[in-house]
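Written below as structure tokens is the structure these notes are about.
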Ligand code: ZN
């Protein structure tokens, strides 16, 4: 396995307890690689061979390499920045049985059970009153702050026989003994150095404190919070940065709010991607017709983690398409098009994997299981390009501590490097040409 890459991924996961932190860390990487941030509130003027990115809401980011006004289409790699978690409500302190708990609600569809009995803390963003303006400040309380203690087996003899969790009743974390020490806002103010009367509003989430771990007799596995989908956001970014210049415009996109349906201004079900592609076309002096022709010569890889066959529940996987950990990138199929993959896009992506010399495998749900959804078909409803849904195989999706393989991230990096170095042409009549500048590939 590539130790350095896994270490970098583990560090990125540790430093990204929320979507705001993930995008902030991606922004730092892009800046260090010479990318210029464009503000959505300004007019844009792009320079040939320019490298740019823009951030929406602090939690979604789109970066692109602009080859000049004669680019032939867009090669788009998308993933998502958010993960299921618990969000603090306003006025979160609530006392019960001599302790103070934080009042939280669920964000997205999480596995509740593994949130119990593990150290947790709080991270997110604050809006700060600065007089004539207001600023965003990221917060990551870097200490074991709270815990959701389980009920003893002696008080619930049926605990191991299946349980329907009530978030309001059972998932509120304990932060202190009631009536003792400082209150929550004073604590938050001390931890952030911001006077509490200056804190106008917040988006704060619980996050698991357990550090990422590489484990197994041969170091096969990586467990960490947020593998879905920061493993893909990380792998796509590495591939994007390593790619060679191509005739097409390489576009790296990370959207927030996939776990709650993508329907926000910064989600995949917004005009964010469409807006950016149109602004690139406008800066190039392209007609609307030329832009639409470019979209026909564009391709999107929607990368969101996939289910690996589970050793204890192998019967829940499809009998002939059950991806395994460390066996390569997963191409996801669904007849009802919850995944966008079709013969054209699967074929295209398989060619990319072949050029990159990385393994791929295929996933379909059992026909009697509904499965999940992702951002590919939501995004292509706005920007209608050929699209393939892929992911890296993992266990325990939507647990606060998920498990993936230590080999698969590198496969994604290599494949996306080839993808972002490629261009595609729709020749009509179901024929397509892929051009990859293989000479420039290492
Ligand atoms: Zn996901």
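Applying the selection to region 348-398, what residues are crowded, with 16+ Cβ neighbours inside 10 Å, away from the ligand (no atom under 16 Å from the Cβ) and closer than 27 Å to residue 225 by Cβ?
358, 360, 361
Inside region 177-235, can you point out the residues that are within 16 Å of the ligand (Cβ to nearest atom) and part of a helix (DSSP H, G or I)?
Scanning region 177-235 gives 227, 228, 229, 230, 231, 232, 233, 234, 235.
May I ask you to list the residues in region 203-236 that are surrounded by fewer than 24 Cβ atoms within 10 Å (Cβ to Cβ), touching a helix residue (DSSP H, G or I) at 6+ places or on another chain (Cβ under 7 Å) and under 27 Å from residue 90 (Cα atoms)?
The answer is 225, and nothing else.
Could you grab me the full set of residues in region 169-180 that are surrounded by 11 or more Cβ atoms within 10 Å (Cβ to Cβ) and either touching a residue at least 60 places away in the same chain (Cβ under 8 Å) or touching a strand residue (DSSP E or B) at 6+ places or on another chain (Cβ under 9 Å) (or both)?
Scanning region 169-180 gives 171, 172, 173, 174, 175, 176, 177, 178.
Could you list, in sequence order, the residues of region 111-161 that are over 26 Å from the mean Cα position of the chain (by Cα) and touching a residue at least 40 places away in the same chain (Cβ under 8 Å)?
Selection gives 128, 129, 130, 134.
When the residues of region 60-85 are narrowed to those that are away from the ligand (no atom under 16 Å from the Cβ) and outside any strand (DSSP E or B), which ends up surrounded by the fewest Cβ atoms within 10 Å (Cβ to Cβ)?
This residue is 70.
Out of all the residues in region 27-41, is one or more under 22 Å from the mean Cα position of the chain (by Cα) and closer than 21 Å to residue 201 by Cα?
There is no residue in region 27-41 that is under 22 Å from the mean Cα position of the chain (by Cα) and closer than 21 Å to residue 201 by Cα.
Being in the same structural domain as residue 126 (by TED's automatic domain parsing) and either out of contact with any strand residue (DSSP E or B) (no Cβ under 9 Å at 6 or more places or on another chain) or closer than 30 Å to residue 325 by Cα (or both) is the requirement here; does residue 161 meet it?
Details: in the same structural domain as residue 126 (by TED's automatic domain parsing): yes; either out of contact with any strand residue (DSSP E or B) (no Cβ under 9 Å at 6 or more places or on another chain) or closer than 30 Å to residue 325 by Cα (or both): yes.
Considered against the rule, which asks whether it is in the same structural domain as residue 126 (by TED's automatic domain parsing) and either out of contact with any strand residue (DSSP E or B) (no Cβ under 9 Å at 6 or more places or on another chain) or closer than 30 Å to residue 325 by Cα (or both), residue 161 comes out as yes.
Would you check which residues across region 238-275 are within 16 Å of the ligand (Cβ to nearest atom) and part of a helix (DSSP H, G or I) and list them?
Listed by number, the residues that qualify are 258, 259, 260.
The values are calculated or read from the model by the stated rules, or taken from the named source; none is laboratory data. Owing to the predicted nature of the structure, the values given are computational and were not obtained by experimental measurement. Note: ideal-geometry Cβ built from the backbone for every residue, glycine included; neighbour counts use all protein chains shown.
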